[in-house]
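Chemist: Input: one structure, supplied below.
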Amino acid sequence: MTLRELIQKYDVPGAQVAVLNDGEIHDEAAGVLSLHTQVETTPDSVFKIGSITKIWTATLVNQLVEEKKLDLDEPITNHLPGFQLSDREATDTITPRHLLTHTSGIAPNHFTDTGRSDDALEKFIATLRTEEHLLEPGTLFSYSNTGFALLGRLVEVVRGKRFHDVLREHLITPLGLKAVATDPYEAILHRTAVGHLDTGPTKSWAVSYRTAPSGSHFATSARDLLTFVHHHLTDPALAALREPQLTEIPEFGDGIRGYGLAWMIYGHGHLGHTGISKGQKAFLRVIPDENLAVAVLTNSVNGEPLAREVFAAHGIDMHEPPAPPHNPAPIDDWMHGTYRNPLFDITLDAEHLTYRPRTGFAESLRKPRAEVVRHSERTIITSSNEVMSLIGSDEHGRAKYLHNGAAAYRIA
């Protein structure tokens, strides 16, 4: 099935696909960049790649390690003397490796808007001193966009330049990439994809610049993304980023079996990452032993089934989406309870998840009560097919954490 047929099948306005095979990149594009403007999608158009940006941030960190300007296992306070969390011990303990592997214990997202100017990232990191710290560093995988914002700030301080300038000077320009935008001001110079929700084109490009290193702003073409991946597969200095750091990840329905340094590890040793941002979805899978990589960039929340077909056509098994079992076992008493993250207190009972907002921002999200059933021995699944794991055990034999990629800890 052609890409044009796939976007029609899955109601995706526009998409790009690129395939890297033995050093050669082949790409194609179809559809439109926006249903409003009807501008044609071309191979040199740029799409938001969301959290795939984290691999680029990790690469900048690795360059600092290679230059002996940074050690992955030293406290980040060695380079950020003014950095402070509400937890003093965590402040003194967190290392770049913790941040790269999502084991820092820092909450997944913080929402203080610090503007769009060059010092937005610096200002954002300063706000963390008053935010609740969830977990002791090194104890549990818990995905954190804020952790990668902190890595971006570390890059800024060590290089003495703003993050987007370092990105361009140390990766984009040396690799000869042309279809790349590091912020909205660069994006308007390209044919740029606009995200689409079920209601149509979005009216927002990104949140403030505070989370650029974790994936809120970066946009590129599928071809330039795979040029970057080819650099990873051919530069021995980058091989360490692909080495497994975590081999046990709580199940949350995405097929992730482990983590390298920013790289997600899937079954059969496949690597990759997924990116979601403002109505756009991006998918990357890499088989290093076969020198094969595939990138699928879409400007729709409906992009995953399309990506699944593209990957299958190239022999890459993308994890099947989870579904409730036909005859689920009951949700046991040891699972019941109330779990807390920075936004919500989440109560799990025999049939429902109930969300109680902890902040005004959380209140605005209007998180509805969700029906749930048992999914496996230690997981549940919601009516919208979100899988959550119950992790650990307290002194009463009850689960300590409710985990959907990020952890919420038991309070009752």
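The values are calculated or read from the model by the stated rules, or taken from the named source; none is laboratory data. Predicted, not measured: the structure shown is a model, and the values here were computed from it. SASA here: full protein model, heavy atoms, side chains in, ligands and nucleic acids out. Shrake-Rupley method; radii C 1.70, N 1.55, O 1.52, S 1.80 Å.
Chemist: Taking the Cα centroid of region 197-270 and of region 1-47, what is the distance between the two, rounded to the nearest whole Å?
Modeler: 19 Å
Chemist: Determine which lysines satisfy two conditions relative to K123: a Cα distance under 21 Å, and not lying fewer than 8 residues away in the same chain.
Modeler: Straight-distance partners of K123: K54, K161.
Chemist: What do you get when you divide the Cα radius of gyration of region 328-412 by 2.2 N^0.38 Å, with N the number of residues?
Modeler: On the way: Rg = 12.2 Å, N = 85, 2.2 N^0.38 = 11.9 Å.
Expressed relative to 2.2 N^0.38 Å, the Cα Rg reads 1.02.
Chemist: Moving on to the next point. What are the extents of the Cα atoms of region 9-122 along their three principal axes, in Å, largest first?
Modeler: Here the spans come out as 52, 39, 27 Å, largest first.
Chemist: Over region 98-143, with the other protein chains present, what is the accessible area per residue in square angstrom, probe 1.4 angstrom?
Modeler: Details: 1820 Å² over 46 residues.
Normalised by residue count, the accessible surface of region 98-143 is 40 Å².
Chemist: Further question: Keeping every protein chain present and rolling a 1.4 Å probe, give me the accessible area per residue for region 354-396 in Å².
Modeler: On the way: 2670 Å² over 43 residues.
Counting only protein heavy atoms, the per-residue value for region 354-396 is 62 Å².
Chemist: Another question, if that's okay. Which value results for Rg/Rh of the chain when Rg is the Cα radius of gyration and Rh the Kirkwood radius based on the inverse mean 1/r?
Modeler: Values: Rg = 20.8 Å, Rh = 21.9 Å.
Looking at the chain, the ratio lands at 0.95.
Chemist: Next up: Enter the mean projected area of the convex hull around the alpha-carbon atoms of region 247-306, in nm², rounded to one decimal. Intermediate values should be presented prior to the final figure.
Modeler: Working: hull surface 18.7 nm².
Its Cα hull, projected and averaged over all orientations, spans 4.7 nm².
Chemist: OK, next. Let me know the Kirkwood hydrodynamic radius for region 195-342, please, with Cα pairs as the basis and the value in Å to one decimal.
Modeler: Details: mean 1/r = 0.0568 Å⁻¹.
So the Kirkwood estimate lands at 17.6 Å.
Chemist: In the chain, carbon and sulfur make up what percent of the accessible area (probe 1.4 Å)? Write down the numbers at each step before the final one.
Modeler: On the way: 8520 of 17530 Å².
About 49 percent, which is the carbon plus sulfur part of the accessible surface.
Chemist: Calculated from DSSP H runs of 4 or more alone, at -39500 (n - 2.57) each and per residue, what is the 222 nm mean residue ellipticity of the chain, nearest 500?
Modeler: Numbers: 11 runs with 93 residues, N = 412.
Taken over the chain, the calculation gives -6000 deg cm²/dmol.
Chemist: Between region 348-412 and region 124-155, what's the alpha-carbon centroid distance in Å?
Modeler: After rounding, the separation between the Cα centres reads 22 Å.
Chemist: Translational D (Stokes-Einstein, µm²/s) of region 106-206 at 10 °C and 1.306 mPa s when Rh comes from the Kirkwood sum over C-alpha pairs? Working shown, then result.
Modeler: Values: Rh = 16.0 Å.
Taking Rh from Cα pairs, D becomes 99 µm²/s.
Chemist: Quick one: pull the percentage of alpha-carbon pairs in region 254-412 with a separation above 29 Å.
Modeler: Working: 3830 of 12561 pairs.
In whole percent, the long-distance tail amounts to 30.
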